[in-house]
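Down below is the structure, laid out as structure tokens.
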Amino acid sequence: MSDRERAFPEGFLWGTAISSFQVEMGRGKPIDCTDWWAWVHDKTNIDVKRVSGDTPTNGPGFWELYDQDFEMAKEELASNTIRLSIDWGRLFPESTRDVDAKVRRDLWNNVWEVEVDKDAMDQLSKKVDHDAVERYREIINSAKSHGLTPMVTLYHWPIPLWLHDPIACRDDLAGTDKKGWLMQDTIVEFAKYSAYVAKELGDIIDLYCTLNEPRITSEHGYLTERGEFPPGLNDPSLFLLCLKHLAIAHGVSYQQVKRWDQIEASSLGPATVGIVAVLQTYEPNDPKSPEDVWWAKYIDYVYNEWNLNAVFRGDYDMNLNQMVEPWEQMPHQVKGCDYIGVNYYSNWHVKHKGQEGHPLLDFEFAPCTGDCTDYGWEIHPKGLRHVVNWAYQRYRRPIYVTENGVADAKDDTRVRYLTSHLDELQKAIQIDEVPVKGYYYWSLMDNMEWADGYKVQFGLYRVDRKTKERTPTKAVKIFREIASANRL
Ligand code: BGC
């Protein structure tokens, strides 16, 4: 392909992604009212190494330093967008359960529609932390003043403690009424919170993500052996319940944002609302083993497809037999999804374990042996072209690459990772004609990598945790060149 042909489409969004819990704290008062806060501070979790012992209090301090970060993103990276999230617990540290919203349920008793009307909005206004809303307004306005279109995620994992007590769930699930995404009440509360954000900040936001990676919340909270995400349980039926509730939650949130944000803040139109799916590629560890082949397809189905089938088609395959029986069809739960956010990182080798029991507990990922990141994730750029093609061909919505990046503390892989993935993405756009609208590198700066803390370094900038000083990695220069030229 000649150089002239390596352009990205006009108006392409170039940016980086961050999330509230991972970057906001580090200066000022910590936010201690979320499940994730409780989770990373819990002594048992630290002792059994579910979590690293690092806490967000040592974070990059973005809550105070946002303006200089946006300036850096604009001036040094030539970005024209930023993906960030709002912390639900900051806005509503106290319960909103008694705010009246009309809830309609379907024949299966699932939450179907939540109506947050003017009265409910007034009640929410009495409960919200107005200072937090004001600060988010300043943050988003600051992004815009630096020419960065904000893409705002409503749920990037932490939820208020009044809805989810992860320690109580871990130790005695039946004994607590704060079960997080296992309860349909959380869907109702999410609708209220979504409506509130859309009403209060809709005049400055046009691009929303309802949920970040529902599969990861479900898998790492309810399926993995290590149990590193709240509430650290290990039960396929809870994993599925969580997935189901998150898909319904996307729908009610979508409706509320559309209803309450009808103000155009940019040429994008009032509210473009999508979901962020983590789509990875899966292949059999031993291609000659029929079991590995079967499990690789199965994991691809459960991890990549299940959630999007629910969101786009109303298919809730609750017995995971890869068929949708009449009782699993809930087309009334399909509310809309304007684009698909794709988070792509890696390729995985699926290995059948050969134990008895649920198929979801009878496989493992073989350790990375080839080209691996610090996190032990295989570097496989072709996978990005594959997943954006797959998502577009199957669900026919525009795509944003909402995350793509590498854990690379020595700063010797990031340039190669970035350019090789952009190379594949450009081919997907130009050769395969996938309508990809933007690319967000994960992450603008090193941050609190959830259960694993600060040793895992994805940032384009290193952060000195004491002085908060940001230092560019080698990839900053190349990102800037590509973004400003809008071509490879
Ligand atoms: C998440 C980020 C996370 C990144 C690297 C994604 O799953 O959305 O919050 O830091 O991957 O693990």
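Do we have D432 as of a type in the set (D, E, K, R) and either touching a Gly at 6+ places or on another chain (Cβ under 8 Å) or more than 25 Å from I275 (Cβ to Cβ) (or both) here?
Working: of a type in the set (D, E, K, R): yes; either touching a Gly at 6+ places or on another chain (Cβ under 8 Å) or more than 25 Å from I275 (Cβ to Cβ) (or both): no.
Answer is no for this residue.
Quick check on my filter: what residues within region 270-299 are part of a loop (DSSP other than H, G, I, E, B) and more than 15 Å from C337 (Cα to Cα)?
L279, Q280, N285, D286, P287, K288, S289
Starting from residues that are among the small types (G, A, S) and closer than 17 Å to S253 by Cα, keep the ones in region 86-131 and report whichever is surrounded by the fewest Cβ atoms within 10 Å (Cβ to Cβ).
A120
Give just the number: which of (1) assigned to a loop (DSSP other than H, G, I, E, B); (2) more than 28 Å from A475 (Cβ to Cβ); (3) at pLDDT 95 or above does P60 not satisfy?
Condition (2) is where P60 drops out.
Does E325 satisfy the condition of being modelled with pLDDT of 95 or more and surrounded by fewer than 18 Cβ atoms within 10 Å (Cβ to Cβ)? Spell out the reasoning first.
On the way: modelled with pLDDT of 95 or more: yes; surrounded by fewer than 18 Cβ atoms within 10 Å (Cβ to Cβ): yes.
Here the answer is yes, as E325 does meet what is asked.
Which of (1) assigned to a helix (DSSP H, G or I); (2) touching a Ser or Thr at 6+ places or on another chain (Cβ under 7 Å) is the odd one out, the single condition A143 does not satisfy?
It fails just one condition, (2).
Of all residues in region 218-241, which are at negative phi and crowded, with 24+ Cβ neighbours inside 10 Å?
Scanning region 218-241 gives S218, G221, Y222, F229, P230, P231, F239.
Please name all residue pairs, on different chains or six or more residues apart, with Cβ atoms under 6 Å, provided the first residue is in region 191-204 and is at pLDDT 95 or above and the second residue is surrounded by fewer than 22 Cβ atoms within 10 Å (Cβ to Cβ) and among the aromatic types (F, W, Y).
Taking only residues 6 or more apart or on different chains, the pairs are A195/W260; A198/W260; K199/W260.
Take K468 and decide whether it is crowded, with 16+ Cβ neighbours inside 10 Å, more than 16 Å from the ligand (Cβ to nearest atom) and at positive phi.
Details: crowded, with 16+ Cβ neighbours inside 10 Å: yes; more than 16 Å from the ligand (Cβ to nearest atom): yes; at positive phi: yes.
For K468, the condition - crowded, with 16+ Cβ neighbours inside 10 Å, more than 16 Å from the ligand (Cβ to nearest atom) and at positive phi - is met.
A quick yes/no check of all residues on (1) touching a strand residue (DSSP E or B) at 6+ places or on another chain (Cβ under 7 Å); (2) aliphatic (A, V, I, L, M):
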position: E189; (1), (2): no, no
position: V197; (1), (2): yes, yes
position: L201; (1), (2): no, yes
position: I204; (1), (2): no, yes
position: Y208; (1), (2): yes, no
position: I216; (1), (2): yes, yes
position: H220; (1), (2): no, no
position: T224; (1), (2): no, no
position: N234; (1), (2): no, no
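For residues that are outside any strand (DSSP E or B) and more than 16 Å from the ligand (Cβ to nearest atom), tally how many sit in region 149-170. Before you say what the answer is, go through the steps one by one.
Start the filter on region 149-170 by keeping residues that are outside any strand (DSSP E or B), which leaves 156-159, 161-163, 165-170.
Then drop every residue that is not more than 16 Å from the ligand (Cβ to nearest atom), which leaves 161-163, 165-170.
So the answer is 9.
Which residues, counting only those in region 279-310, are in contact (Cβ under 8 Å) with a residue 40 or more places away in the chain, over 21 Å from A247 (Cβ atoms) and of a type outside the set (A, V, I, L, M)?
Those that are in contact (Cβ under 8 Å) with a residue 40 or more places away in the chain, over 21 Å from A247 (Cβ atoms) and of a type outside the set (A, V, I, L, M): T281, E283, P284, N285, D286, S289, E291, D292, W294, W295.
Any idea which residue in region 311-322 is surrounded by the fewest Cβ atoms within 10 Å (Cβ to Cβ), counting only those that are in a loop (DSSP other than H, G, I, E, B) and free of Cβ contacts under 8 Å to residues at least 60 places away in the same chain?
Step one: list which residues in region 311-322 are in a loop (DSSP other than H, G, I, E, B), which gives 314, 316-322.
Add one more test, that the residue is free of Cβ contacts under 8 Å to residues at least 60 places away in the same chain, and what stays is 314, 317, 319, 321-322.
Numbers: G314: 18, D317: 20, N319: 11, N321: 9, Q322: 12.
Among them, the one singled out is N321.
Hey, does region 438-461 have a residue that's away from the ligand (no atom under 15 Å from the Cβ) and surrounded by fewer than 16 Cβ atoms within 10 Å (Cβ to Cβ)?
No, region 438-461 has no match at all.
Kindly indicate the residue of region 316-370 that is of a type in the set (A, V, I, L, M) and under 20 Å from Y222 (Cβ atoms) and also farthest from the ligand (Cβ to nearest atom) among those meeting that condition.
Out of the qualifying residues, it is M318.
Could you please let me know if V302 is among the hydrophobic types (A, V, I, L, M, F, W, C), crowded, with 21+ Cβ neighbours inside 10 Å and either outside any helix (DSSP H, G or I) or touching a strand residue (DSSP E or B) at 6+ places or on another chain (Cβ under 9 Å) (or both)? Spell out the reasoning first.
Working: among the hydrophobic types (A, V, I, L, M, F, W, C): yes; crowded, with 21+ Cβ neighbours inside 10 Å: yes; either outside any helix (DSSP H, G or I) or touching a strand residue (DSSP E or B) at 6+ places or on another chain (Cβ under 9 Å) (or both): no.
In short, no.
Restricting attention to region 403-436, and to residues there that are of a type in the set (G, A, S) and within 16 Å of the ligand (Cβ to nearest atom), which single residue is nearest to the chain's Cα centre (by Cα)?
That would be G405.
Among E424, E378, E433, which is free of Cβ contacts under 8 Å to residues at least 40 places away in the same chain and surrounded by 17 or more Cβ atoms within 10 Å (Cβ to Cβ)? Steps first, please.
On the way: E424 fails: free of Cβ contacts under 8 Å to residues at least 40 places away in the same chain; E433 fails: surrounded by 17 or more Cβ atoms within 10 Å (Cβ to Cβ).
Step by step, each of E424, E378, E433 is checked, and only E378 is free of Cβ contacts under 8 Å to residues at least 40 places away in the same chain and surrounded by 17 or more Cβ atoms within 10 Å (Cβ to Cβ).
Somewhere in region 245-258, is a residue without any contact (Cβ under 8 Å) to a residue 60 or more places away in the chain and either away from the ligand (no atom under 16 Å from the Cβ) or hydroxyl-bearing (S, T, Y) (or both)?
no
Only residues that are among the basic types (K, R) and over 20 Å from the mean Cα position of the chain (by Cα): list them for region 338-396, please.
Going residue by residue through region 338-396, those that are among the basic types (K, R) are 351, 353, 382, 385, 394, 396.
Those that are among the basic types (K, R) and over 20 Å from the mean Cα position of the chain (by Cα): K351, K353, K382, R394, R396.
The values are calculated or read from the model by the stated rules, or taken from the named source; none is laboratory data. This is a predicted model, so every value here is computed, not measured. Every residue, glycine as well, gets a Cβ built from its backbone with ideal geometry; the counts of neighbours run over all protein chains shown.
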